[in-house]
Each structure stands twice: as C-alpha cells, then as structure tokens.
Ligand code: P6P
C-alpha cells in the first residue's frame, strides 16, 4: 500500500524551470535556467549566513559605509559579495546592479542578461531578528549590448523575470516570469532544494489591511493624508477601520500582502521627495510580482510602477502596491485631490 502521506512527485525550482523553459519551445537555450541556478545558489548561501549570523557574530556594523550612504552591516557586505561572485561566475550575466555597488558591474564574457538586486533588503532589522530578503529582477539584453549601466535604465515591463527571497522561519522564494503567474518555493534545507509550495499565488481583490510607516504622516501630501484617513476613519455607514500591519522590511510586508491581500505603501513625501525605495531593484520587481498575482502597483503620481523609467541606477520612487481593488481606492482619492 503506497503511503499517501509522502509526496514523491516533488516539483523543485530546477524542475519548474525546465518545464517552463520547454514551454518557450526552441528559443530556450538553457542560459536562463543556468542563470537561475546561480541565483538560487546565492539565496541558499545568504540564507545560511543569515541563520548563522547571531551565532558567529556576523551581526553588527561592518564599520564601512556603502556607496549609497547606508550604514553597511557585515551581512550586507557578505550578501553582496556572494551575489556578485555567483552572477559573475555563472557566465550568463553581462551587467549587474546592486544596492551595495555605486556603479553597475560589467562582466567579461558573452552573458546576455542584466540582473538588478538588493542582496539583503531590510538589513537594518537584522539585529532584531526580523525577516529580511533578497529582491531581484532580470532583463534580457539586446544581442549587441556592450554592457553598461544605461542598459538597465528600462521600464519594469521589460523584466523577463523578477521576485524576492524572504529569509524568515524558512527561506521563501517568490518568482514570476514576464506574462506569467507568481509561484512560491520553500527551501528544504535537508535537500538543499527550493520546493514549489505556493503555486499560482493570487491576492484577493480587496482586503482591509494597510501597511505604511505612520511615523512619516507629518511629511505626507494632502492626497496621501486623505487616502489614509479614508481607511482609518471611514465615514461610510457601517464601515470599519482597516487593520494596520507594518514590519519595516519590504520583503516581509510584500510577502504578507501577497499572502493575505491589502496594500503596502512607501509614499514620496516632504522628507523623501523622490520616495525611499529604489525603482530598479525594489519597486519594479515587487510591482511585477503584485501585477502577476492579480494586483497592481503605482508611484506617487498614480503612474503604473512598471512603466516608470529610472534615469540613474539608484533612483528612488514612491510606491503604493497590493490588491487591485485597494489600489483603485488610492487612485480614486488621488484623482479627487
Ligand atoms: P522605514 C528597509 O530599510 C527598507 O529599505 C525596506 O525594506 C522597508 O520597506 C523600508 O526601508 C522601511 O523604511 O523608513 O519605514 O524604516
């Protein structure tokens, strides 16, 4: 009698990529799959170091400033180095943009892809044991691309794949391809494999959860204030206030929004006129995930996030993202202001 308890037909990330790439037909060269192998190796390694950080005292400041001005944590440095070395050695990447590198990195060789990433986003929370994550996006370069920073100054609609890995109770990878759906994989540490655990993740059309740093309310513009007041102090008969959930780590707030629905925002405001989050490797990948899970993402001018084109690799933007219906409510309030 077969023990039905044991799953014996397991879909690993590798199998998922093989099956997906076959769907592309003869155009699949295997390059993308090999690039994703290098990506998943980075996630496994970063996950390993994060879990050991407190044990081998990796936590705490590395004493060095990164080029974009944030205090650099030891793990930030290690996470970035792991990512850079893995992308370079894959032989499939021509251009790499990292939050931890002021300039875009251009690798020798015949790589046809550009990767944008935040190796450890939310690292300021590490000491408090809050989930952090790696956010990434992949662009396919033109065959004649020589490899320079400008190659990635593209709208998010050009991303061929994007996602993030959240290092929480387990390492959860969320991956979406252009025009595809959103799939969640959980790292089985014993097998060293990412296993498909959340196929076709979809957000509900609406959910009364909002996620924003209320500590910035003083700096919000009128539209922003009106929107958040409309869900905190609803005037419609019988309407109840929304629940507030804010972790302060984008991957954690994004993963909850993906799982439960609701909305997340980091608005541009008087303190951060261009917003805080980076277009290339925070806003655009998250926007692609939200759209492919049935939601949407806009900037502080209510422009579709995936159509925003950065002029510099570290450009920032305001962002409102989440359930489709919740972002429609944001747009309705902004339209009236
Ligand atoms: P604040 C973490 O530092 C981060 O880059 C994102 O992960 C997070 O969403 C945001 O900044 C939190 O910023 O100003 O609310 O602490």
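One line per residue, one yes/no per condition, for (1) under 18 Å from residue 259 (Cβ atoms); (2) modelled with pLDDT under 95:
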{"site": "298", "(1), (2)": "no, no"}
{"site": "302", "(1), (2)": "no, no"}
{"site": "309", "(1), (2)": "no, no"}
{"site": "317", "(1), (2)": "no, no"}
{"site": "322", "(1), (2)": "yes, no"}
{"site": "333", "(1), (2)": "no, no"}
{"site": "337", "(1), (2)": "no, yes"}
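Under the condition of being in contact with a strand residue (DSSP E or B) (Cβ under 7 Å, 6 or more places away or on another chain) and within 16 Å of the ligand (Cβ to nearest atom), the residues counted in the range 168-191 number 2. Exactly one residue out of 164, 194 is in contact with a helix residue (DSSP H, G or I) (Cβ under 7 Å, 6 or more places away or on another chain) and away from the ligand (no atom under 16 Å from the Cβ), and it is 194.
Look at (1) in contact with a helix residue (DSSP H, G or I) (Cβ under 7 Å, 6 or more places away or on another chain); (2) within 16 Å of the ligand (Cβ to nearest atom); (3) not in a strand (DSSP E or B) and you find that residue 119 fails only one, number (3).
Tell me whether the range 142-149 contains one or more residues that are in contact (Cβ under 8 Å) with a residue 60 or more places away in the chain and either within 16 Å of the ligand (Cβ to nearest atom) or crowded, with 18+ Cβ neighbours inside 10 Å (or both). Outline the logic, then answer.
Narrowing the range 142-149 to residues in contact (Cβ under 8 Å) with a residue 60 or more places away in the chain: 149.
When the remaining residues are screened for being either within 16 Å of the ligand (Cβ to nearest atom) or crowded, with 18+ Cβ neighbours inside 10 Å (or both), the result is none.
No, because not a single residue in the range 142-149 is in contact (Cβ under 8 Å) with a residue 60 or more places away in the chain and either within 16 Å of the ligand (Cβ to nearest atom) or crowded, with 18+ Cβ neighbours inside 10 Å (or both).
What about residue 151, is it outside any strand (DSSP E or B) and either out of contact with any helix residue (DSSP H, G or I) (no Cβ under 6 Å at 6 or more places or on another chain) or closer than 29 Å to residue 246 by Cβ (or both)?
On the way: outside any strand (DSSP E or B): yes; either out of contact with any helix residue (DSSP H, G or I) (no Cβ under 6 Å at 6 or more places or on another chain) or closer than 29 Å to residue 246 by Cβ (or both): yes.
Against the criterion (outside any strand (DSSP E or B) and either out of contact with any helix residue (DSSP H, G or I) (no Cβ under 6 Å at 6 or more places or on another chain) or closer than 29 Å to residue 246 by Cβ (or both)), residue 151 qualifies.
Looking at 303, 331, can you tell me which residue is surrounded by fewer than 23 Cβ atoms within 10 Å (Cβ to Cβ), farther than 18 Å from residue 208 by Cα, more than 13 Å from the chain's Cα centre (by Cα) and without any contact (Cβ under 8 Å) to a residue 60 or more places away in the chain? Give the derivation first.
Numbers: 331 fails: farther than 18 Å from residue 208 by Cα.
None of the other options fit; the residue is 303.
Considering every residue within the range 38-45, establish whether at least one is assigned to a helix (DSSP H, G or I), within 16 Å of the ligand (Cβ to nearest atom), modelled with pLDDT of 90 or more and within 20 Å of residue 313 (Cβ to Cβ). Let's see the steps before the verdict.
Just the residues of the range 38-45 that are assigned to a helix (DSSP H, G or I), to begin with: 38-45.
Filter once more, so that each one left must be within 16 Å of the ligand (Cβ to nearest atom): none.
Within the range 38-45, none of the residues are assigned to a helix (DSSP H, G or I), within 16 Å of the ligand (Cβ to nearest atom), modelled with pLDDT of 90 or more and within 20 Å of residue 313 (Cβ to Cβ).
The values are calculated or read from the model by the stated rules, or taken from the named source; none is laboratory data. In this text, all values refer to a predicted model and were calculated from it rather than measured experimentally. Heads up, the Cβs are rebuilt from the backbone with ideal geometry, glycines too, and the neighbour counts pull from every protein chain shown.
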